[in-house]
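For reference, the structure is listed below as structure tokens.
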Amino acid sequence: MFSKMDFSHPVSKVPLKTDSKGVVRVGETRVTLDSVIGAFKNGATSEEIVLQYPALELSDVYAVISFYLKNQAAVEQHLAQQNTEAANIRQKIEAKFPPTDIRQRLLKRRASQQPANS
């Protein structure tokens, strides 16, 4: 009645690819490893992650989470490095374009661009 299952098929590869800028993405999508693992660490299930990022395949999310759980130290090191790089970039941008009083500067710019009412 039931046939034996064949478990001799090759194991699937983890669907992670590093793009030309060094960003690790899931499968053929633009969704980053950082995004998937961040959602997982915030308590999202694989199904919820797919709902949040519809471009992802459920099986890819399971594979990425499995990879993370098996290689947690290396992935955490990668995430820490990404966060450090992002903080450095943010610091450079804020030095060039200070965020202080930004609301006032934007309101002033808007007021100067609006035609005067007669």
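List of remarks:
- Failed condition for Ile89, given (1) in a loop (DSSP other than H, G, I, E, B); (2) more than 30 Å from Ser12 (Cα to Cα); (3) of a type in the set (Val, Ile, Thr): (1)
- Residue match in the stretch 107-116 (condition: of a type in the set (A, V, I, L, M, F, W, C), part of a helix (DSSP H, G or I) and more than 30 Å from Lys13 (Cα to Cα)): yes
- Residue within the stretch 30-41 that is assigned to a strand (DSSP E or B), surrounded by 14 or more Cβ atoms within 10 Å (Cβ to Cβ) and either at pLDDT 90 or above or not basic (Lys, Arg) (or both) present: yes
- Residues that are loosely packed, with under 10 Cβ neighbours inside 10 Å and within 30 Å of the chain's Cα centre (by Cα), drawn from the stretch 102-118: Arg103
- Cβ pairs under 9 Å, 6+ apart, first in the stretch 80-99 and within 22 Å of Thr32 (Cα to Cα), second in a helix (DSSP H, G or I) and of a type outside the set (A, V, I, L, M, F, W, C): Gln82/Asp34; Asn83/Asp34
The values are calculated or read from the model by the stated rules, or taken from the named source; none is laboratory data. None of the values given here were measured: they were computed from a predicted structure. Don't worry about glycine lacking a Cβ; one is built from the backbone with ideal geometry, like all the others, and counts go over all protein chains shown.
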